[in-house]
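First the structure, in the form of structure tokens, and then the observations on it.
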Amino acid sequence: MPELPEVEALAGYLRQRAVGRRVDRLEIAAISALKTYEPAPTAVAGRAVVDASRHGKFLDVLFEGDLHLVVHLARAGWLHYREAFPSTTPLRPGKGPIAVRVRLDDGSGFDLTEAGTQKKLAAYLVTDLATVPGVAKLGPDALSADLPTFAERLRSRRGQVKGVLTDQSVLSGVGNAYSDEIVHAAKLSPFAITNRLTDDQIAALHAATRQVLGDAVERSLGQRAAELKGEKRSGLKVHARTGLPCPVCGDTVREVSFADSSLQYCATCQTGGKPLADRRLSRLVR
């Protein structure tokens with residue numbers, strides 16, 4: 001799933017490449033992806049791209065006249081920039097990976113695509129960001145929150161620290177991958193309970209959040225959209241590295257599996273050498 005650093009980089013790429021171009025047309029290939037009906041997609045035609053930005057994990061493309069195309073890429077969504085499209089024929093709704101296509105006046109543009117069968121990519125065409133439910137509920141940006149804000153938000157929701165970090169209403173922008181990286185950098189168990197964390201642990205978690213996300217943004221900015229996934233993988237220390245050595249201590253990276261997700265961690269760095277039970281209903285090391 002694209003998280004804060006990748007969405008920030010995609011916004012930066014669009015600012016560099018698309019801002020100033022006018023939209024030829026906006027095409028919707030996956031009807032279920034468009035969550036709004038007014039304004040109509042035809043309202044975008046002829047408008048210039050003014051800006052591209054990010055709200056948590058939401059990508060926001062702003063057109064003149066304060067019209068926003070707000071996109072949540074979900075687990076399998078992505079943005080593909082095209083210098084030229086193979087055909088000028090409008091897309092037809094179907095079962096392919098393309099959900100939305102934005103054609104620009106110089107023949108370039110971008111596709112919003114979604115792999116797999118679980119189609120959860122969501123696009124909103126709005127004049128008021130507050131009408132996008134996910135954006136309206138976002139907590140403070142995880143990369144921008146200062147320590148007092150970060151501490152207040154973490155302690156406002158009792159739960160396992162990994163889960164609270166990924167709750168977008170608490171702090172926005174962090175998902176499954178970077179939460180693994182953050183708790184590893186902070187040397188905390190992913191199952192540590194937030195209201196039991198000491199001030200020093202909260203401070204370490206805040207510093208790790210700023211470091212992990214900041215480093216990922218720095219690596220990602222300037223990369224082409226097609227290169228971002230590889231760049232993300234290259235910077236991960238524990239996430240998706242089950243069975244490989246931890247680059248910090250050399251211990252083997254372990255995994256806890258759930259029904260539809262998993263987490264990775266280093267026992268030596270994070271749990272005093274004690275493996276976490278790999279069963280949802282087991283008693284877990286905290």
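The values are calculated or read from the model by the stated rules, or taken from the named source; none is laboratory data. In this text, all values refer to a predicted model and were calculated from it rather than measured experimentally. Every residue, glycine among them, receives a Cβ derived from its backbone with ideal geometry; neighbour counts consider all protein chains shown. Just the protein is used for accessible areas: all its heavy atoms, side chains included, with ligands, DNA and RNA removed. Shrake-Rupley method; radii C 1.70, N 1.55, O 1.52, S 1.80 Å.
Within the set D106, D111, D128, the sole residue that is open to solvent by 70 Å² or more (accessible area, probe 1.4 Å) and at pLDDT 95 or above turns out to be D128.
Taken over region 2-28, the criterion of being in a loop (DSSP other than H, G, I, E, B), in contact (Cβ under 8 Å) with a residue 60 or more places away in the chain and not small (G, A, S) is satisfied by P2, E3, R21. With respect to the conditions (1) hydroxyl-bearing (S, T, Y); (2) surrounded by 15 or more Cβ atoms within 10 Å (Cβ to Cβ); (3) more than 22 Å from T36 (Cα to Cα), T198 lacks only one, and its number is (2). Among the residues of this structure, E227 does not count as one that is within 30 Å of A136 (Cα to Cα), among the acidic types (D, E) and either open to solvent by less than 50 Å² (accessible area, probe 1.4 Å) or free of Cβ contacts under 8 Å to residues at least 12 places away in the same chain (or both). For beta carbons closer than 6 Å, sequence separation of 6+ or different chains, a first residue in region 39-55 that is closer than 16 Å to D128 by Cβ and among the polar types (S, T, N, Q) and a second that is open to solvent by less than 30 Å² (accessible area, probe 1.4 Å) and part of a helix (DSSP H, G or I), the qualifying pairs are S53/A11.
Taken together, the criteria exclude S234 from residues that are closer than 15 Å to A177 by Cβ, out of contact with any strand residue (DSSP E or B) (no Cβ under 7 Å at 6 or more places or on another chain) and open to solvent by less than 70 Å² (accessible area, probe 1.4 Å). Pairs are defined by a Cβ separation below 9 Å, a sequence spacing of at least 6 or placement on different chains, a first member in region 58-83 that is within 20 Å of G96 (Cβ to Cβ), and a second member that is modelled with pLDDT under 95 and of a type in the set (F, W, Y); the pairs so defined are L79/Y13; Y81/Y13. Pairs meeting the criteria (first residue in region 206-217 and under 15 Å from E6 (Cα atoms), second residue open to solvent by 20 Å² or more (accessible area, probe 1.4 Å) and among the acidic types (D, E), beta carbons under 8 Å, at least 6 apart or on different chains) are V217/E8. Can you tell me which residue is modelled with the highest pLDDT among those in region 271-286 that are surrounded by 12 or more Cβ atoms within 10 Å (Cβ to Cβ) and under 29 Å from A76 (Cα atoms)? Among residues in region 271-286 that are surrounded by 12 or more Cβ atoms within 10 Å (Cβ to Cβ) and under 29 Å from A76 (Cα atoms), the one modelled with the highest pLDDT is L276.
Summed over region 15-59, residues that are open to solvent by less than 50 Å² (accessible area, probe 1.4 Å) and either charged (D, E, K, R) or within 16 Å of the chain's Cα centre (by Cα) (or both) total 9. Against the numbered list (1) among the hydroxyl-bearing types (S, T, Y); (2) touching a strand residue (DSSP E or B) at 6+ places or on another chain (Cβ under 9 Å); (3) over 22 Å from D128 (Cα atoms); (4) in a loop (DSSP other than H, G, I, E, B), T36 comes up short only at (3). Given the condition modelled with pLDDT of 95 or more, of a type in the set (A, V, I, L, M) and part of a strand (DSSP E or B), answer yes or no: does some residue in region 244-258 qualify? Within region 244-258 (the criterion being modelled with pLDDT of 95 or more, of a type in the set (A, V, I, L, M) and part of a strand (DSSP E or B)), the answer is yes, since at least one residue qualifies. If only residues of region 237-255 that are open to solvent by 40 Å² or more (accessible area, probe 1.4 Å) and of a type in the set (V, I, T) are counted, the one that is farthest from E3 (Cα to Cα) is T252. Among the residues of region 131-145, which ones are touching a strand residue (DSSP E or B) at 6+ places or on another chain (Cβ under 8 Å) and either open to solvent by less than 60 Å² (accessible area, probe 1.4 Å) or not hydroxyl-bearing (S, T, Y) (or both)? Matches in region 131-145: V132, G134, V135, L138, G139, P140, D141, A142.
Looking across E227, E181, one residue alone is modelled with pLDDT of 95 or more and either in contact with a His (Cβ under 7 Å, 6 or more places away or on another chain) or under 22 Å from W78 (Cα atoms) (or both). It is E181.
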